[in-house]
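The block underneath contains the structure these notes are about, expressed in structure tokens.
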Amino acid sequence: MSTVNTVDFGAGPLSRAAALLHTLLTVEALFLATAAPGLAGLLALGPDPANLPLAAVCLTPLAPAASAALYALHHRGRDLTDLHPARAFGRGLRLNALPALRLWTPLSVWLTVIAFTLTHFNATGLPVWWAVLLGAVGAACLLWGAHALVLTSLFTFRARDTARLAAYFLLRRRSVTLAAASLLVLAAAVTAAFTEALTALLAAPLLLSLLRSSRPLIAETREEFTA
């Protein structure tokens with residue numbers, strides 16, 4: 001008499017891969033739909049540095065869209081019988097749109113000031129080391145923003161507490177910060193080599209990579225800063 005081991009439908013590795021692909025495609029489509037007004041305006045703008053303030057305005061919808069996408073990817077089902085990525089994305093958008101904008105708006109303004117200064121640096125008369133310092137500050141702000149985006153997408157903190165935690169984790173979790181830096185460099189390289197549209201089309205896998213690399217940050221926040 002032989003015994004045959006069986007696996008429930010939807011629990012095998014192929015099913016999990018199909019579930020992940022389905023979730024990524026759904027989240028990507030919803031991300032693009034949510035950010036569409038801003039992305040359309042961004043693609044219509046020329047590369048003139050004078051358009052930087054308008055570009056910052058166009059990028060505003062990306063914060064709620066990215067936050068909702070992170071929420072949906074974090075709460076995704078692992079098998080084909082339990083997939084609700086659209087529902088999770090909608091819930092994430094309702095919960096996180098305003099908190100994400102509260103953090104994104106001042107960050108966007110500050111980054112726009114830095115970018116505008118750097119693109120017109122010759123007119124400032126400042127020494128070159130100021131440009132290097134501004135670039136370093138801008139990079140640090142982007143990394144802070146990546147941590148803040150993860151925190152505000154998965155936890156319910158006040159904006160100032162999220163800001164403090166994001167700054168705390170910049171040095172506390174160097175591996176997470178380095179991983180976020182790698183993803184930002186990759187996104188910038190894809191944008192520079194091809195187009196912003198390709199970076200937008202890769203938003204879901206990039207955000208999933210950010211989520212997975214942020215696991216130590218998420219775990220410590222849950223253990224140390226939540227009841």
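Only the coordinates and a few stated rules stand behind these numbers; no lab work does. What you see is a predicted model, and the numbers here were worked out from it, not measured in a lab. Cβ sites come from the backbone with ideal geometry, for glycine too, and all protein chains shown count toward neighbours.
Here are the numbers for the structure shown:
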{"read-out": "Nearest-ten-degree value, helix 62-74 long axis tilted from longest Cα axis of the chain", "value": "20 degrees"}
{"read-out": "Gyration tensor verdict on the range 177-227 (Cα atoms; rounded if a/c is under 1.5, prolate if a/b is larger than b/c, oblate otherwise)", "value": "prolate"}
{"read-out": "Footprinting exposure proxy for Glu224, Glu28 (fewest neighbouring C-beta atoms within 10 Å first)", "value": "Glu224, Glu28"}
{"read-out": "Per-residue [θ]222 nm for the chain (sum of -39500 (n - 2.57) over DSSP H runs n ≥ 4, rounded to 500)", "value": "-26000 deg cm²/dmol"}
{"read-out": "Degrees between helix 13-44 axis and first principal axis of the chain (Cα, 0 to 90, nearest 10)", "value": "30 degrees"}
{"read-out": "Cβ-based net charge around Ala148, under 13 Å, with every Lys or Arg adding one and every Asp or Glu removing one", "value": "+3"}
{"read-out": "Full-extension gain in nm, Leu21 to Val113, via 0.36 nm per residue minus C-alpha separation", "value": "29.3 nm"}
{"read-out": "With Cα atoms, 0 to 90° folded angle of helix 203-213 axis to the chain main axis", "value": "80 degrees"}
